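The values are calculated or read from the model by the stated rules, or taken from the named source; none is laboratory data. As the structure is a computational prediction, the values presented were derived from the model and not from experiment. Positions of Cβ are backbone-derived with ideal geometry, glycine not excepted, and every protein chain shown enters the neighbour counts.
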Protein chains: 2
Amino acid sequence: MEQNFTIQSIGRVRCERTEPIDDNWDAFPSTIELDRARFGHEALLGLESFSHVEVLYVFDQVRDEEITATARHPRGRTDWPKIGIFAQRGKGRPNRIGATICTVVSVEGTELRVRGLDAIDGTPVIDIKPVMSGFQPRGPFKEPDWAWEIMQGYWVTPG
Amino acid sequence: MEQNFTIQSIGRVRCERTEPIDDNWDAFPSTIELDRARFGHEALLGLESFSHVEVLYVFDQVRDEEITATARHPRGRTDWPKIGIFAQRGKGRPNRIGATICTVVSVEGTELRVRGLDAIDGTPVIDIKPVMSGFQPRGPFKEPDWAWEIMQGYWVTPG
């Protein structure tokens, strides 16, 4: 039933943050450097006409024993409910893939500068996709309280 | 520089559409069946309190020779500009990963029913993430004209 795929990094994150801290990610602008052995500037052609990109990357510092296949309290907070790993966005997940929407700052050759990428220096990037209005959530939106609370301070430290 | 990762499917898409057609995806409700050898219902616990999920999957029917590493006209339309593969969402991309936000219809054990998943029957799923308001695009939004035009008819056929 299960099927394996080999994924190759297409580039790497360069930023000042070297430790995985849970909050205040907007403080650190990031550069995604494409692997120049495989990609030229054409691969990013036209990306500057989008305000936002989605970056797929690998949480490569997460160890096997940190991976959850069942449910757990987000961030270990027992005041929040136990939540299935596919109903939360924690990094200790099967396949270790992160997906984050960032603001495009600039495109320079094979380098893409962004703001709001929650990945530390050296993180392998496996895809970049433009954010299109047609791929945004459609219809009524809802989320549980914990999902709202967990994001307070995630991008910008309050106060 | 480049780094390889092995990804395992966590489940599979079941739906009526068996051919990759570009439009009218909302006509086909889909079920994501988790691999029951590895996952129980706990993996989806709490997902029904979200209206939307992001599904990461592999375009496993795309052949090597269909992969672009440079730029091309989206859908081959020469009336649209040439666009870098990382500035478009076409399936012939390095690593063949698709990422789509769908509406949650229901969660039943290890089965997740969704609407608006643009993946054909049998497609391997590699991750499921809840859509949180805090991970939506922040700040002013822009996209080029072709990105808006390409989505007309993608979910629902006009007229």
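Figures for the structure shown
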| read-out | value |
| --- | --- |
| Selection from segment B:147-158 of residues that are within 9 Å of chain A (Cβ to nearest Cβ) and either under 24 Å from A:Cys102 (Cβ atoms) or in contact with a Phe, Trp or Tyr (Cβ under 9 Å, 6 or more places away or on another chain) (or both) | B:Ala147, B:Trp148, B:Ile150, B:Met151, B:Tyr154, B:Trp155 |
| Which numbered condition B:Gly40 fails, given (1) loosely packed, with under 15 Cβ neighbours inside 10 Å; (2) touching a residue at least 60 places away in the same chain (Cβ under 8 Å) | (1) |
| Of all residues in segment B:97-136 being surrounded by fewer than 21 Cβ atoms within 10 Å (Cβ to Cβ) and at positive phi, the one that is farthest from the chain's Cα centre (by Cα) | B:Gly109 |
| Segment B:47-76: number of residues that are in a loop (DSSP other than H, G, I, E, B), free of Cβ contacts under 8 Å to residues at least 40 places away in the same chain and not aliphatic (A, V, I, L, M) | 4 |
| Qualifying residue in segment A:10-28 (condition: crowded, with 20+ Cβ neighbours inside 10 Å, of a type in the set (A, V, I, L, M, F, W, C) and assigned to a helix (DSSP H, G or I)) | yes |
| A:Ile85 under 15 Å from the mean Cα position of the chain (by Cα), facing chain B (nearest Cβ under 7 Å), within 28 Å of B:Ile7 (Cα to Cα) and modelled with pLDDT of 95 or more | no |
| All positions within segment A:101-115 that are facing another protein chain (nearest Cβ under 7 Å) and either touching an Asp or Glu at 6+ places or on another chain (Cβ under 6 Å) or not in a strand (DSSP E or B) (or both) | A:Ile101 |
| When residues of segment A:47-71 are limited to those that are more than 9 Å from chain B (Cβ to nearest Cβ) and not β-branched (Val, Ile, Thr), the one surrounded by the most Cβ atoms within 10 Å (Cβ to Cβ) | A:Tyr57 |
| Scan of segment B:29-46 for residues that are touching a strand residue (DSSP E or B) at 6+ places or on another chain (Cβ under 7 Å), of a type outside the set (Val, Ile, Thr) and either at the interface with another protein chain (Cβ under 7 Å from one of its Cβ atoms) or not in a loop (DSSP other than H, G, I, E, B) (or both), ordered by number | B:Ser30, B:Glu33, B:Leu34, B:Asp35, B:Glu42, B:Ala43, B:Leu44, B:Leu45, B:Gly46 |
| Pair list, Cβ under 6 Å, 6 or more apart: segment B:117-146 residue more than 7 Å from chain A (Cβ to nearest Cβ), other residue among the aromatic types (Phe, Trp, Tyr) | B:Asp118/B:Trp25; B:Ala119/B:Tyr57; B:Thr123/B:Tyr57; B:Val125/B:Tyr57; B:Trp146/B:Trp80 |
| All positions within segment B:129-151 that are touching a Gly at 6+ places or on another chain (Cβ under 8 Å) and either part of a loop (DSSP other than H, G, I, E, B) or among the aromatic types (Phe, Trp, Tyr) (or both) | B:Arg138, B:Pro144, B:Trp148, B:Ile150, B:Met151 |
